[in-house]
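The values are calculated or read from the model by the stated rules, or taken from the named source; none is laboratory data. A quick note: this is a predicted structure, and the numbers were derived from the prediction, not measured. Note that each Cβ is placed from the backbone with ideal geometry, even for glycine, and that neighbours are counted across all protein chains shown. Surface areas here come from the heavy atoms of the whole protein model, side chains and all, with no ligands, DNA or RNA. Shrake-Rupley method; radii C 1.70, N 1.55, O 1.52, S 1.80 Å.
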Amino acid sequence: MFLITVVMSIANKALILIVDDQPSNVYALEHVLKADDREFVKAMNGEEALEITKTNEVDLILLDVQMPGINGFEVAQILKSDTRTSNIPIIFATAFSNEYKFVMKAYEEGAVDFLFKPLDPDILKAKVSVLLKLQMQKKELVEKNAELHKAALLIDNSADILGIIDAETLNIEGVNKAITSILGYPREELRGTSLQSYLNIESRSIVEELIISGQSELFFETGIYCKDKSVKWLQWKVTVKDGKWFFNARDITESKKAEDEIRLLNENLERKVELKTRELRMMNLDLEKRAAELQASNIELERFAFVASHDLQEPLRTVSGFLSLLSLETEGKLNKESDDYIRFALDGTQRMRDLIQALLEYSRVGSGELPLEKVNVNTVVENTVKLLAPLIQEKNAKLHCGPLPIVKGVEAQMQQLFLNLVSNAMKYQNGQTPQIEISCKEEQDNWLFCVKDNGIGFDPKYADRIFMIFQRLHDKSEYSGTGIGLSICKKIIERTGGKIWAVSEPGKGSIFYFTIPKTEQKT
Ligand code: ADP
C-alpha cells in the first residue's frame, strides 16, 4: 500500500518532488530549497514517487539514486517512458562521487542534471532555480500553444471569412478555410495577391475610399468574383491595426438576392398601383363626364317637358273649348251615341289637362331655381289639412300628426309632397274610414318622416316602381290619377339630399318613409 499524496498546486507555484529514503535528507533538501513560489511533496521510495507523479503535476524531481526497491535510475526510466511525465526535469542525487558509469547512465535516461552527495547547498539552489525556470517557461509555452491551437481551430471552423490584409497594398496575407467554401479559391492561391483584383468595379472604388479614410473600424459591402467567375456579396467588418486589416467577411449573397427580389416586387407593385390609379382616374373622369352629360340631358329633357307641356295646353284649350261649344250646340239634337262621343272626348281633354299639369309640376321640381330654406313642417301639414279639407270631410278621414321639425327645403315643394302623400293615403282605400298618421323621428344625421295609412296597400315587389313617372298599380277606372305624384315626391326629397321608400302589403295599408338631412337648426 502506498500513501498517495495529492498536493493542491497553488496557482503559479512550482511543485518539487523530493525522493529519498532518508527523512533527514528530505528535510535538509526542503529546508535549503524553500521559497514562496515553491511547494514540496515527498516520497520515501521509487514506487511512492511514481504514484505521486500520477496524481500531481510535478515541475521538478530531486531523485536519490540509491534507494531500496526500485532505484532512482529505474524510476527515471519509467517516468521518461510515459508522455505525461517524460518532460519533468530530474536532478539525481548520489553518494557515489564521479562514478563515470553512473553519470552516463543518468544522462542516458534523459535526466536533466546530476548532483553528488554531500550536496553543496549553493549548487543545489542554482541548479534547481535554473531547471525550474526552464520548466515553468516550457509549461507556459505549452499552454500558449494550446490556446493558439484552439484559436486556430476556431478561425478555421468559422463560417465567415477571417483573415489579414496589408492596409496599404491590400495584399492578402492570410485567410481561413471559409474562403474556399465561399468563393472557391484555395487559400494558397490568394496569399500575396491584392484584394482589389477580386472585387467588382463599383466595390473597388468603395474600398479605395476606405483606405484613405484613416478609420480604425470599417464596415462595408462588396461584390466579389468567385473562382467560377460568379459574383458573391460580402459584408465586411475590419479592424485596422499596425498597418493591417484584420477582417471578418460574411457571405450575404442570399439576403442581398432576397432584398433585390423584394425591391423588384415593390417596384412592380408601385408601377401596377400607379397604372391602376391612372386607370381609376380616367374612369372617374369618364364618370364625371357622363354624369355631367346626364345632368345636361336631364335639364334638357325637363326643359323639353316643360315647354312641350306648356305649349300643349294652348291647342288643348282650343280643343276642349270647341268641344264644350259643340256639346252645348248639339244638346238634344244628336242621338245618345253621338252625345257619348262628345262626352268621352271632353273627358279625354280633361285627363290630358291633368297630365300636362302634373308633368309641368314634375319638370318644375328639378329646375333648381328655388333655393333651400327653413321650412316648418308642422305648418306645412296644417296647410295640407286645410287644402284637403273638402276631401277629408267627404271621406270622414282621421288624421293624426306628431310633433314635426323645421327642415331645409322649399316650402311649396314640401307642401306638394304632403299633399301627394296624404291625398294618396285617402284615395287608395276600399271604402273604410281612412286613418292617417304622420310622424317624425330624429336620427343621427337625418329626420325620418313616416306617413302611414290603413288603405288597400300594394304588392311589395312594386315598392320601387311606384316612384317612377307614369307608373300606376291600380286601374284608373277604380282610382283616378296620373302616375306622377310619387315621382314628384322622389324628386323633392332627393333635392334635399334625402331618400324616400315605401313598405306595404296588399290589404294591410302602406307606410311611406322619407328622410331629410338635419341642419344646424333643430325644432
Ligand atoms: P297616382 O296616384 O296619380 O296614380 P302616384 O305617383 O301618386 O300616382 O302613385 C303611383 C302609384 O302608386 C299609384 O297609382 C298607386 O298604384 C300606388 N300608390 C300610391 N300611394 C299609395 C297608397 N297610399 N296605397 C296604395 N297604393 C298607392
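Net charge dipole, the chain: roughly 2060 debye, given to the nearest 20, about the Cα centre with Cβ charges of +1 for Lys and Arg and -1 for Asp and Glu. In the chain, the calculated helix contribution to ellipticity at 222 nm averages -16500 deg cm²/dmol per residue, counting -39,500 (n - 2.57) for every DSSP H run with n ≥ 4.
Could you give the dipole magnitude of segment 166-241 about its Cα centre, charging the beta-carbon of Lys and Arg +1 and that of Asp and Glu -1, in debye to the nearest 20? Walk me through the intermediate numbers first.
On the way: 9 positive and 11 negative charges, 68 e Å.
The dipole of segment 166-241 has a size of about 320 debye.
Between segment 190-251 and segment 452-509, what is the C-alpha centre distance in whole Å? Segment 190-251 and segment 452-509 have Cα centres separated by 84 Å.
Mind checking segment 310-406 for trypsin sites (Lys or Arg not before Pro) that DSSP puts in a loop (not H, G, I, E or B) and that have at most 12 other Cβ atoms within 10 Å? Don't jump to the answer; show the numbers that get you there.
Working: sites: 317, 333, 336, 343, 351, 353, 364, 374, 386, 395, 398; in loops: 333.
Those that pass, being in a loop and sparsely packed, are 333.
Per the 1.4 Å probe, what fraction of the accessible area of the chain, in percent, lies on carbon and sulfur atoms?
Numbers: 17600 of 31480 Å².
Here it works out to 56 percent.
Need one number: % antiparallel among DSSP beta bridges in the chain, to the nearest 5.
Values: 50 of 72 bridges.
If we restrict to bridges inside the chain, about 70 percent are antiparallel.
Shape summary of the chain, radius of gyration then Dmax from alpha carbon positions: 59.7, 187 Å. Note on residue 80: lysines with a C-alpha under 25 Å away, same-chain residues under 8 apart excluded, are 13, 42, 54, 101, 105, 117, 125, 127, 133, 138, 139, 144.
Please return the longest range in the chain lying between exposed loop sites, taking GluC sites (Glu not before Pro), DSSP loop only, at most 16 other beta-carbon atoms within 10 Å, and leaving the sites out. By the stated rule (loop sites, at most 16 other Cβ atoms within 10 Å), 169-330.
Only Lys, Arg, Asp and Glu carry charge here, each on its Cβ (+1 for the first two, -1 for the last two); on that basis segment 256-400 has a dipole of about 440 debye about its Cα centre. When the Cα positions of 155, 137, 292 are compared along the charge dipole of the chain, 292 comes out farthest toward the positive end, with charges on each C-beta of Lys, Arg, Asp and Glu. Tally Lys and Arg at +1 and Asp and Glu at -1 over the other residues with C-beta under 13 Å from the C-beta of residue 467: what net charge comes out? Local net charge: +3. Distances between placed amide hydrogens fall under 5 Å for residue 39 paired with 14, 15, 16, all partners being 5 or more residues away or on another chain. Between 375, 358, 342, the Cα set farthest toward the positive side of the dipole of segment 329-382 (charges on each charged residue's Cβ, about the Cα centre) is that of 375.
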